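Next up is a structure, given as structure tokens.
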Amino acid sequence: MANLTLVQAINLALIQEMERDDRVLLLGQDVGANGGVFRVTEGLHKRFGGKRVVDSPLAESGIIGTAIGLAMAGLRPIPEIQFDGFLGPAYDQICSHAARMRTRTRGAFTVPLTIRVPVGGGIHAPELHSESPESIYIHTPGLKVVMPSSPYDAKGLLISAIRDPDPVIFFEPKRIYRAFREEVPEDEYTLPLGKARTVCEGEEMTVVSWGASVVQCMQAIERSGRGIELIDLRTLYPFDMDAVETSVKKTGRCVIVHEAPKTCGFGAEIAARIMERCFLHLEAPVQRVAGFDTIMPYYKLELDYMPDADRIARAIEETAAY
Amino acid sequence: MANLTLVQAINLALIQEMERDDRVLLLGQDVGANGGVFRVTEGLHKRFGGKRVVDSPLAESGIIGTAIGLAMAGLRPIPEIQFDGFLGPAYDQICSHAARMRTRTRGAFTVPLTIRVPVGGGIHAPELHSESPESIYIHTPGLKVVMPSSPYDAKGLLISAIRDPDPVIFFEPKRIYRAFREEVPEDEYTLPLGKARTVCEGEEMTVVSWGASVVQCMQAIERSGRGIELIDLRTLYPFDMDAVETSVKKTGRCVIVHEAPKTCGFGAEIAARIMERCFLHLEAPVQRVAGFDTIMPYYKLELDYMPDADRIARAIEETAAY
Amino acid sequence: MPIKTVLTAEIENVSILDAEGRFDEKLGKGLIPDADLVKLYGHMCTCRHLDEVAFKLQRSGRMGTYPQNMGQEAASLGAAYALNNDDWLVTCYRENCGLFWRGVPMESILLHWMGDERGNAMPRQHHATPIAVPIGTQMLHATGLAWAAKYRGEKRIACTFFGDGATSEGDFHEAMNFAANLDIPVVFCCQNNGWAISVPGHIQCSAPTVAQRALAYGMDTIQCDGNDLFAVVHCFRKAIKQARSTGRPFFIEAVTYRLGDHTTADDARRYRDQAEVDAWRARDPILRLRKYMAKRGLWSDAKEQELQAKVEVEVAATVERAEGITSPNRVDFFDHMYAEIPADLALQRDTMQTHGIGQDPSQIEGAVIELPAKEGH
Amino acid sequence: MPIKTVLTAEIENVSILDAEGRFDEKLGKGLIPDADLVKLYGHMCTCRHLDEVAFKLQRSGRMGTYPQNMGQEAASLGAAYALNNDDWLVTCYRENCGLFWRGVPMESILLHWMGDERGNAMPRQHHATPIAVPIGTQMLHATGLAWAAKYRGEKRIACTFFGDGATSEGDFHEAMNFAANLDIPVVFCCQNNGWAISVPGHIQCSAPTVAQRALAYGMDTIQCDGNDLFAVVHCFRKAIKQARSTGRPFFIEAVTYRLGDHTTADDARRYRDQAEVDAWRARDPILRLRKYMAKRGLWSDAKEQELQAKVEVEVAATVERAEGITSPNRVDFFDHMYAEIPADLALQRDTMQTHGIGQDPSQIEGAVIELPAKEGH
Ligand SMILES: Cc1ncc(C[n+]2csc(CCOP(=O)(O)OP(=O)(O)O)c2C)c(N)n1
Ligand SMILES: Cc1ncc(C[n+]2csc(CCOP(=O)(O)OP(=O)(O)O)c2C)c(N)n1
Ligand SMILES: [Mg+2]
Ligand SMILES: [Mg+2]
């Protein structure tokens, strides 16, 4: 066991998978000597050399497109996209190619790649460095989407993602890259994709969240003094609806929290599913505490944009009062 | 009045707006002499010349990116993306630039463009020619998203879109490009963006849909013999939640129908909003008849993928029985 | 020297058997053994006939949109002939001839255009990827495939084909740039057929040659008469040799022409002159080769008749196989989404419904649902 | 001739005032009047000082991430000097010097990096677009802006700046290709500073020059010493003249160097040698110009002191203005989303809530909600 930050846990997972499987290679902007702009790949270039840790041209579509080719040939590439906002230029290769290859070839070609992307706001970054585009990729059939909220989960989920035979987008909530440490086993371990984690149990209400927002939820729940069950989805596609259903059937009330804009955010899907599955158990309408339907503002205002413990706490109280 | 197909109605709207406002120009692949692969721009090149109807290089990002520049300079470009599936390469310019320009410059620069895109399945086309990506763009703040379901609406909505000071994605359901004709006034007229149309009224249940699916809904409703209110949203952002709310508060039951994959589709948002706004009026959980969470299959199976009158009829009966 | 020259570049064009039948002995002699030439010729004829049949299938409603390859057979065939069978061949949709030479079953291509994904289930041994419909996107995959070979220390290279229109896409640039800067052995071949649907070549590339696209990357490049099988083979041999020995990419512009409409959904008379088409008909790669073979005594009318008869049988059998395939299982489009189907997707498949009650009818406690009858049925 | 040459190309490099102080009279004489030279020099010094101050602001927590322009002042300044004031200037983030020359208030740039969109509210009269953070995307906008001028029959052209890294993006290619094929008058200028964060130039472009990127489009192109204000002005004059008279684009590679870290978030010592930096320090465009002016008797230590004093005052006043601005109204980020705010968005703004009950507390019928106290507050 070591007490690690999220950055360190990911770094450790990468090292271990690269040691274990020489089909694994990293590519991306500044992942080499520089160790990545967040230092996630620190030391890997030195350890594994330029053949396995490749500084690529500054071209996101190129990074994903060549990684698709690498994966089609049977390797396990881990491309990094430097920031959430720069997934945009790679959108087409991800959604029109990586996601479709298996089904359009009826299994003849597959794309076992893991796209690592720092995600979300809260670090006072320039524009397009603080986005939460997960819902776009959840809506795209053929992808798996993961977003851990803790160092322990990050390591176990990343290892599963790398070993997964299908394309995975692995979102790393940059706000909590170094926000806290956690005991992380040094041995390799996996956590199943598609299984939620119950952060705390309760009978009165369910809160569903993922990524850095989980931390805000914990604060709000603690403040509330109520018996609240917090579910961290961890994997956003496929997602653990069973865990949500079981909990909401017990509590009858639910608040969903995410940073992405509300409209067509993943919260809408969870809310709609809860209605589909738990209709007769609901004592209040499911509430969504989300980013506003605006562009994420520059950093002077970013905290006004992001759901914080205050807004979550309010939604909890109001849902309880319904 | 003339009895026009959807293609003809759009063609007419383009002609009238180009006559009226010389800031309006068209650009895209094959929009010139060829008149577009669906003949939507037929005759325009001849009528307005190569300066105003421009065949562009085969590069979607380039089409949208240069159109952004044209719009920033005060023109009213109407870029065409040839098929829904080829919005992918333009994703970044649409979402990271067109959608953001006004707010990131606090109004100093604006992007009054209208992106025309044939959308949806059902015409036995090759792969990536039958997609329904509307939810992606509804989720992107800063855009407006329109999808007409009839010739009359198409003309009025397109004229509004062209005159709108903000970027609009105008989806044209290709399945009904020529499926039927409708009386369309020859004079110019506008229909407000953001206002739904009540296709038929009823007390028993609400059906919400948009685009080509509206036609399937009408068939299913007719078959049902029930008193069903059909709402065609027409504009998907901003969307007319008031119309939906009023109807569902009256009927207590709702079925939403769309072609895009279910998960994180726009149906999820409508369902979640209905729960937020009509919770105590709901007599059954809102049901979504949508595309499956798979890639749109090649055409041998496309009709198995798309929501049809059968699936809608079933959902209606089951919702009524709840 | 305040102004100094920091780069000079030159691009060559290769032609060996020209449209007038002139043959350059120096370059052409021994390039393709006679026995191979006869085979290659027969192969082109098969491909041409399949093209004609496919067109008719579409017209009679037995196939969806189909892009004819007519007139462009030589480029991909020359490539496939020059490549090793385990080099990756990553094509667009006008390279049937090369794919068939490689061994890809002809019915695969028909099935694809018949709207059946099973046409894309390319056996790995062909080292060919399925037809790429989204323009300009496959070159990056080729670069990745070649990179994987390099990573593993294999001698395999990749060869990728695309049209002149495709060179306008950003992904084309990124693929070229990755290959050039990361030393990845890819042979990039542009079939410059003068048109991208109705858009003429100069809107895609107003430079004198498409070949010079490669100069941007410091990549070796050459232009050839793409309707001249000899020139094509010459250039590919050169490119392949260099790619394999140095690991560096190479660019080939094959100048050709699309004799047919863009696809069966197109009507090229709307935008191009018949005179242009006629001029190019005279430069047909098949015609040219037949004349050459005849002159060399390798071919005769009798042989031609025999060949055509064989080709017809072969193509008819192909069509029969393509049309005779069982209907696809409609769960196919669920079952290949992931290695293991997620539970929620399995539920969609098993119920063929997305709405919650349809997926879980127990919610309506045994209520018996009868669907109202269909109108007019 | 089976092999014939179909293209020859050549690229020139221009240097007028070199790092050793040699001045080419033939090209340089009269290029920049002495009075202008003194102004331009002063301007570079202001820009350099702002850069140093911005760095300190970031280090002391008064500003977010900031990308220093240090060492790259000459390229954008030379462009702005050679352009008309109503030509579009579409830059990246290392062109402060050109933007300030154009008249963009220095505090705009500071505000941008202080996380305030008001820094992007560029008055239209400057014909400058705000800083582009996403790499390689702004060149398409420049092409569109110049296209609009052409459409309207204006004489205005556009000039766009970007780094060497940016030339790897697909959008770069598409912008160049649109401008070349549709005859749009854009001057494309790549500031090749050798690095894209930690990635060295040869990973972006392994060709001998970046200038040859333009050959792909048949576009005229030139390379210059980007730290030599004279060479920059010479090349821009040539490019602008041609763009304005023929409507055709032109490409300029300005070879320069990023003397500082990539941004304040970067530590360049992790990936590059101090020796390289030192060598480039000697080629500093400001240093070079000062020596030249001194040699010509246009400058003295006294003048330098006077200038520095003035610059300090000016920059301090700029910082004061930037820091003195009122806090942005938090509804700003709602109010500029659309020309007219949609009702649903107005509701979000007015309640600052997204959840349904928060937006409509009548749903809980007057229940009084008290938020539990914050931990530790
Ligand atoms: C990304 C993308 N945009 C648009 C299309 C529609 N489309 C299909 S083929 C074609 C023209 C292709 O031209 P070219 O690359 O020259 O190939 P050719 O058909 O001439 O062989 C276009 C625009 C597409 N398939 N993909
Ligand atoms: C599309 C995109 N990808 C990645 C980044 C992150 N990033 C910011 S600056 C930079 C390097 C830019 O290099 P270059 O174009 O040479 O400009 P320079 O900083 O050297 O002036 C990178 C990778 C970005 N801003 N945008
Ligand atoms: Mg072509
Ligand atoms: Mg650089």
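Tell me which of these residue A:5 doesn't satisfy, since it passes every other one: (1) of a type outside the set (Asp, Glu); (2) surrounded by fewer than 22 Cβ atoms within 10 Å (Cβ to Cβ); (3) over 18 Å from the mean Cα position of the chain (by Cα).
(3)
Matching residues to (1) within 16 Å of ligand 3 (Cβ to nearest atom); (2) farther than 23 Å from residue D:117 by Cβ; (3) crowded, with 23+ Cβ neighbours inside 10 Å:
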residue: B:41; (1), (2), (3): no, yes, yes
residue: B:66; (1), (2), (3): no, yes, yes
residue: B:69; (1), (2), (3): no, no, yes
residue: B:90; (1), (2), (3): no, yes, yes
residue: B:98; (1), (2), (3): no, no, yes
residue: B:101; (1), (2), (3): no, no, yes
residue: B:109; (1), (2), (3): no, no, no
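Could you tell me whether the stretch C:118-127 includes any residue that is within 14 Å of chain A (Cβ to nearest Cβ) and in contact with a strand residue (DSSP E or B) (Cβ under 7 Å, 6 or more places away or on another chain)?
Yes, the stretch C:118-127 has at least one match.
Regarding residue C:209, is this residue in a helix (DSSP H, G or I) and either within 16 Å of ligand 3 (Cβ to nearest atom) or within 19 Å of residue C:98 (Cβ to Cβ) (or both)?
Spelling it out, it is not the case that residue C:209 is in a helix (DSSP H, G or I) and either within 16 Å of ligand 3 (Cβ to nearest atom) or within 19 Å of residue C:98 (Cβ to Cβ) (or both).
Taking the stretch D:151-167, which residues are more than 9 Å from ligand 4 (Cβ to nearest atom) and acidic (Asp, Glu)?
Residue satisfying the conditions is D:154 alone.
While we're looking at this one, here's another question. Taking the criterion of being of a type outside the set (Val, Ile, Thr) and in contact (Cβ under 8 Å) with a residue 60 or more places away in the chain, would at least one residue in the stretch A:75-82 satisfy it?
Yes, the stretch A:75-82 contains at least one residue that is of a type outside the set (Val, Ile, Thr) and in contact (Cβ under 8 Å) with a residue 60 or more places away in the chain.
Does residue D:170 satisfy the criteria of being closer than 15 Å to residue C:176 by Cα, within 15 Å of ligand 2 (Cβ to nearest atom), in the same structural domain as residue D:266 (by TED's automatic domain parsing) and not hydrophobic (A, V, I, L, M, F, W, C)?
yes
Looking at this structure, is residue D:173 surrounded by 24 or more Cβ atoms within 10 Å (Cβ to Cβ), over 16 Å from the mean Cα position of the chain (by Cα), modelled with pLDDT of 95 or more and not small (Gly, Ala, Ser)?
Yes.
Still on this structure, I have one more. Does the stretch B:167-174 contain any residue that is free of Cβ contacts under 8 Å to residues at least 60 places away in the same chain and of a type in the set (Phe, Trp, Tyr)?
Yes: one or more hits.
Another one. If you take the residues of the stretch C:279-298 that are among the aliphatic types (A, V, I, L, M) and within 16 Å of residue C:70 (Cα to Cα), which of them is surrounded by the most Cβ atoms within 10 Å (Cβ to Cβ)?
The selected residue is C:289.
Which one of these does residue D:142 not meet: (1) of a type in the set (Gly, Ala, Ser); (2) touching a helix residue (DSSP H, G or I) at 6+ places or on another chain (Cβ under 6 Å); (3) within 7 Å of chain B (Cβ to nearest Cβ)?
(2)
Which of the helices (runs of 4 or more DSSP H) contained wholly in the stretch B:1-120 include at least 2 residues that are under 29 Å from residue D:136 (Cα atoms)?
Per the criteria, B:60-72, B:101-104.
Same structure, new question: Quick check: is even one residue across the stretch C:112-123 modelled with pLDDT under 95, more than 23 Å from residue C:226 (Cβ to Cβ) and not polar (S, T, N, Q)?
Checked against the condition, which is being modelled with pLDDT under 95, more than 23 Å from residue C:226 (Cβ to Cβ) and not polar (S, T, N, Q), the stretch C:112-123 yields at least one hit.
While we're looking at this one, here's another question. In the stretch D:174-202, what count of residues is obtained for those that are touching a residue at least 40 places away in the same chain (Cβ under 8 Å) and within 16 Å of ligand 1 (Cβ to nearest atom)?
The number of residues fulfilling the criteria is 1.
Tell me, which residue of the stretch C:122-147 that is free of Cβ contacts under 8 Å to residues at least 12 places away in the same chain and touching a Gly at 6+ places or on another chain (Cβ under 7 Å) is surrounded by the fewest Cβ atoms within 10 Å (Cβ to Cβ)?
Out of the qualifying residues, it is C:134.
How many residues are exposed (fewer than 13 other Cβ atoms within 10 Å of the Cβ) and more than 14 Å from chain A (Cβ to nearest Cβ) when one looks only at the stretch C:343-373?
Residues flagged as exposed (fewer than 13 other Cβ atoms within 10 Å of the Cβ) and more than 14 Å from chain A (Cβ to nearest Cβ) within the stretch C:343-373 amount to 5.
Can you tell me which residue is nearest to the other protein chains (Cβ to nearest Cβ) among those in the stretch D:182-194 that are surrounded by 24 or more Cβ atoms within 10 Å (Cβ to Cβ) and more than 16 Å from ligand 2 (Cβ to nearest atom)?
D:184
Specify the residue that is nearest to the chain's Cα centre (by Cα); the eligible residues are those in the stretch A:285-322 that are of a type in the set (A, V, I, L, M) and at the interface with another protein chain (Cβ under 7 Å from one of its Cβ atoms).
By that ranking, first place goes to A:290.
Collect the residues in the stretch C:245-256 that are of a type outside the set (Val, Ile, Thr) and farther than 19 Å from residue C:175 by Cβ, keeping them in residue-number order.
C:245
Can you run down the residue pairs with Cβ atoms below 6 Å, 6 or more apart or on separate chains, where the first is in the stretch C:8-23 and facing chain D (nearest Cβ under 9 Å) and the partner is in a loop (DSSP other than H, G, I, E, B)?
As it stands, the answer is C:11/C:209; C:15/C:228; C:15/D:2; C:16/C:24; C:16/C:228; C:16/D:2, since those pairs meet every condition given.
Tell me which residues, restricted to the stretch A:90-123, are free of Cβ contacts under 8 Å to residues at least 12 places away in the same chain and closer than 19 Å to residue A:74 by Cβ.
Once the filter is applied, which keeps residues that are free of Cβ contacts under 8 Å to residues at least 12 places away in the same chain and closer than 19 Å to residue A:74 by Cβ, the stretch A:90-123 yields A:104, A:105, A:106, A:107, A:108.
Look at residue B:259 and say whether it is more than 14 Å from chain D (Cβ to nearest Cβ) and surrounded by fewer than 24 Cβ atoms within 10 Å (Cβ to Cβ).
So residue B:259 fails the test.
In the stretch D:172-227, how many are under 16 Å from residue D:238 (Cβ atoms) and of a type in the set (Val, Ile, Thr)?
Matching residues across the stretch D:172-227 total 4.
The values are calculated or read from the model by the stated rules, or taken from the named source; none is laboratory data. This is a predicted model, so every value here is computed, not measured. Every residue, glycine as well, gets a Cβ built from its backbone with ideal geometry; the counts of neighbours run over all protein chains shown.
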